[in-house]
1. Could you tell me which of the pairs Lys218/Lys302; Lys180/Lys211; Lys169/Lys193; Lys180/Lys283; Lys165/Lys283; Lys125/Lys234 are separated by over 27 angstrom between their Cα atoms in the structure shown?
2. Can you give me the distance in nm between label points at Lys219 and Asn57, each placed 7 Å from the Cα along the Cα-to-Cβ direction?
3. If ligands, DNA and RNA are left out, what is the accessible area of Met270 with a 1.4 Å probe, given in Å² to the nearest 10?
4. Report relative contact order for segment 62-324 in percent, whole number only (criteria: Cα-Cα under 8 Å, sequence separation at least 6).
5. Summing Lys, Arg as +1 and Asp, Glu as -1, what charge do residues with Cβ under 15 Å from the Cβ of Ala191 carry, Ala191 excluded?
6. Under the 0.36 nm per residue contour assumption, what length would be gained going from the current alpha-carbon distance of Ser188 and Arg266 to full extension?
7. If a/c stays under 1.5 just call it rounded; otherwise compare a/b with b/c (prolate if a/b is bigger, oblate if not). Do that for segment 77-219, with a ≥ b ≥ c from the square roots of the Cα gyration tensor eigenvalues.
8. Using a cut-off of 14 Å between beta-carbons, work out the net charge of the residues near Gly174 (Lys and Arg +1, Asp and Glu -1, Gly174 not included).
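The values are calculated or read from the model by the stated rules, or taken from the named source; none is laboratory data. Predicted, not measured: the structure shown is a model, and the values here were computed from it. Glycine also receives a Cβ, built like all others from the backbone with ideal geometry; neighbour counts cover every protein chain displayed. SASA here: full protein model, heavy atoms, side chains in, ligands and nucleic acids out. Shrake-Rupley method; radii C 1.70, N 1.55, O 1.52, S 1.80 Å.
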Amino acid sequence: MRLSQGPLFCLLVTGAVQALSFNDVSSNIKRGTDAAVSSVKDAAHNLFARQASARKNTCPKIWSQVASDLRDAFVSGGQCNDDARAAIRLAFHDCISGAGCDGSIILANEYTRSENRGLEDIAVKVGDWAQQYNVGTADMIAFAAASGISACPGGPKINALVGRKDSSKPAPEGQIPSPKSSVSKLLSQFAAKGFSATDMAALVGAHTAAKQRFAVPKKAGSPLDSTPGSWDTKFYSQTLDGSAPVSLDSDVRISQDDRTSGAFQRFQSMATWAAAFVPAMNKMTTIGNGGQNLVDCTSVIKSASRGISIRAAPLADRVRDSVEE
Ligand code: HEM
């Protein structure tokens, strides 16, 4: 008995038609020709290929564990803590220099340079976590930054993509923006990585969660706004009116320069700032990686509380987040 005449064939064909709705398959079946067998094989092959690709684009399970552990590590008393703020800064320094987000700040020991002063402890911790969870170092740095931002009440969800290439090739020194630099120099350093003046004004708003130890040594340990444990716009308003516990010279200059002061003023509105910060930070954390080959693990990171999600989070996530608040 030929396969095309037997019950097994009918079963195979019916399943394929139901599962795949391939019109060409069903018309061939009616004719009962050998071509139908070949169409079924093609259809099955396509189905398996699609399933394999769907599997490839799924966030590896380990990142749910990482997200949960980092949340414990980064939230203290309902606020984002010193490790969270350091992790946010670590990603900025890894991504803005050299080939981009490649883990070289840890893998090439760049964190021991004076331009990265203050990042030593978090660099060692994040490097250890990458090994412990057996994930890439560049991914761990970017994921920790996204987790650090989400750990601050009010912090937006930024993309947590994984799949970056690690590199132990050191970035050239002198590419990390300095608080002593002019606005022109800072703008050119950001422009070199594709950021506009508005992007820079938005990104520097991460100082809402910042403390400083070395820029103004007399005020070591002071935060750059009165609420470093939450993600709000007080950094902008307090830098502008001079009421911040301490301000970096560069932040004051950015708040006053014609090219950035308008955005600095506008970012006193949370929604306006979030709408500029999120895409700029998403771009920052994929410098050198294109983004297209990366896998999206954003949904495994939960907000500390009322995070503004610029991405259209799935309804289930939004319901879950609001239940957790
Ligand atoms: C104009 C560009 C920038 C300059 C000149 C600058 C400079 C600085 C300086 C001097 C400190 C204090 C370091 C210390 O004394 O301990 C600091 C802290 C910090 N920066 Fe920036 N920064 C810039 C942009 C950014 C960006 C784009 C981000 C992130 C998106 C960022 C995130 C942070 C964070 C979170 C801290 C606090 C770190 C901690 O408390 O441990 N900064 N920054």
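1. The answer is Lys218/Lys302; Lys125/Lys234.
2. Output for this residue pair reads 4.8 nm.
3. We get 50 Å² for Met270.
4. The normalised contact order for segment 62-324 reaches 26 percent.
5. So the environment of Ala191 carries a net charge of +2.
6. Extra length available between Ser188 and Arg266 comes to 25.9 nm.
7. Rounded is the answer for segment 77-219, as its axis ratio a/c remains below 1.5.
8. So the environment of Gly174 carries a net charge of 0.
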